[in-house]
Amino acid sequence: MKEILFLEPVFKTMIWGGNKLSSQFGYEIPSQNTGECWAISAHKNGDCTIKNGNFQGKTLSYLWDNHRELFGDLEGEVFPLLVKIIDAKADLSIQVHPDDEYAKIHENGSLGKTECWYILDCDKDGEIVIGHNAKDKDELKEMISQKRWNELIRVRPIQKGDFFQIEPGTVHAIKAGTVILETQQSSDITYRLYDYDRLDKGKPRPLHIDKSIDVIRCPHKDVRVRGKTDKNEACEIEELIQSKFYTVNRIKLDGVQKLEQKYSFLNVSVLEGEGEIDGIRIKKGDHFILPAGYGTYQLQGTMEIISSHI
Ligand code: ZN
């Protein structure tokens, strides 16, 4: 019988962070500016620890290195995905991520970063930055050098439950008042294009204009998200995205439902409600992995869940 791997999140204090990871999720947070909960991560900058069972106290990266059978003997140097909850009390900088190819050459062999956002909460009239209005690289360079940020950047309204895929090369920023579940490649490479001319301890945070211009895709193209929805007796499973790097689904459960874990691993985050998985209590804010070969599992309760696999 394979064990479910429950994870202890790692928290990050950020100048733009707030306290909703405590007030909404009940986590013990390190400061009133806690911006990120790294909920399922084996990244060296925030490696989660297993909370239960045979592997209690071990890190996820340790399991990846020493018990690859838990992940279906997948190849690769690092556990490929990273799941975060982000609480933006203030605007994040306008940024862009490289793809694998660019990161490999310019960032010491790191992975690039494709990420996606599921909006958990936002202010009334909430907004987000995705994309830009430059038709080609020359116009992009011109608009950046002339600081025509408002003209360059695309801002769009958001609502709770919205979902966005952020491909490498996409200009993007989370804006104040937004709580997001982010599923991404396990990478921490960000190029900051514009930081609203803010000061951090009296100094502007560094920008990475040249690398940003290198990687920004021109013109911007939106990615289509939200695929088919499977209706089962007690749950509805909606495919939010299926991409080269991950598939992300939303599960809305009300009752008892048997499902199949047939992937090399399945990341699961409970975002609303409470219930049980195979008789184990689970609730909002829990994150766990169903390992390879886990097979059939039974969910019970009223919950909203986001799952991801490769
Ligand atoms: Zn990003």
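Please treat every number below as a calculation from the coordinates, not as lab data. Note that the structure is predicted; figures quoted are calculated from it, not measured. Counting neighbours? That spans all protein chains shown, and the Cβs are built from the backbone with ideal geometry, glycine included.
Some observations on this one:
- Under 9 Å, Cβ to Cβ, from Asn45 - net charge with Lys/Arg +1 and Asp/Glu -1: 0
- Phi-derived couplings, Karplus 6.51 cos²θ - 1.76 cosθ + 1.60 at θ = phi - 60°, listed residue by residue for region 64-76: 4, 6, 10, 9, 4, 4, 5, 10, x, 6, 4, 8, x Hz, with x used for Gly and Pro.
- When Rg and the Kirkwood Rh are both derived from Cα coordinates, the Rg/Rh ratio for region 67-108 amounts to 1.11.
- Overall Cα dimensions of region 262-306, principal axis frame, Å, largest first: 27, 17, 12
- Residue-normalised convex hull volume from the C-alpha trace of region 137-272: 158 Å³ per residue.
- Charge tally around Thr296: other residues with Cβ under 13 Å, Lys/Arg +1 each, Asp/Glu -1 each, net +1.
- Proximal charge balance of Ser61 [Cβ under 15 Å; K/R count +1, D/E count -1]: -2
- From the alpha carbon centroid of region 239-254 to that of region 72-112 is 19 Å.
- Ordering Leu82, Ala42, Gly202 by Cα displacement along the dipole of region 5-215 toward the positive end leaves Gly202 in first place; charges were set at the Cβ atoms of Lys, Arg (+1) and Asp, Glu (-1).
- Based on Cα atoms of the chain, Rg over Rh with Rh as the Kirkwood radius reads 0.97.
- Under-5 Å amide H pairs with Ile166, H placed in peptide plane, nonlocal only: Glu115, Cys116, Trp117
- In order along region 252-259, phi translates into HN-Hα couplings of 10, 10, 8, x, 10, 9, 8, 9 Hz, rounded to whole numbers, per the Karplus curve 6.51 cos²θ - 1.76 cosθ + 1.60 with θ = phi - 60° and x for Gly and Pro.
- Positive-end ranking of Val171, Asn150, Thr190 along the dipole of region 127-196, with charges on Cβ about the Cα centre, is headed by Asn150.
- ³J(HN,Hα), Karplus 6.51/-1.76/1.60, whole Hz, each residue of region 227-234, x for Gly, Pro: x, 6, 10, 9, 9, 9, 4, 10
- Built amide H within the under 5 Å cut-off of Glu127, gap 5+: Ile158
- Intensity falloff of region 115-164 expressed as log10 I(q)/I(0), Debye formula with alpha-carbon point scatterers, at q = 0.29, 0.32 Å⁻¹: -1.01, -1.15
- Against the compact-protein benchmark of 2.2 N^0.38 Å, the Cα-based radius of gyration of region 199-250 scales to 1.96.
- Net dipole in debye of the chain [+1 Lys, Arg Cβ; -1 Asp, Glu Cβ; about Cα centre; nearest 20]: 520 debye
- One way to sum up the overall shape of region 229-309 is the equivalent ellipsoid from its Cα gyration tensor, whose semi-axes run 18, 14, 12 Å, largest first.
- Assigned charges on the beta-carbon of Lys, Arg, Asp, Glu; region 229-309 dipole about Cα centre (debye): 240 debye
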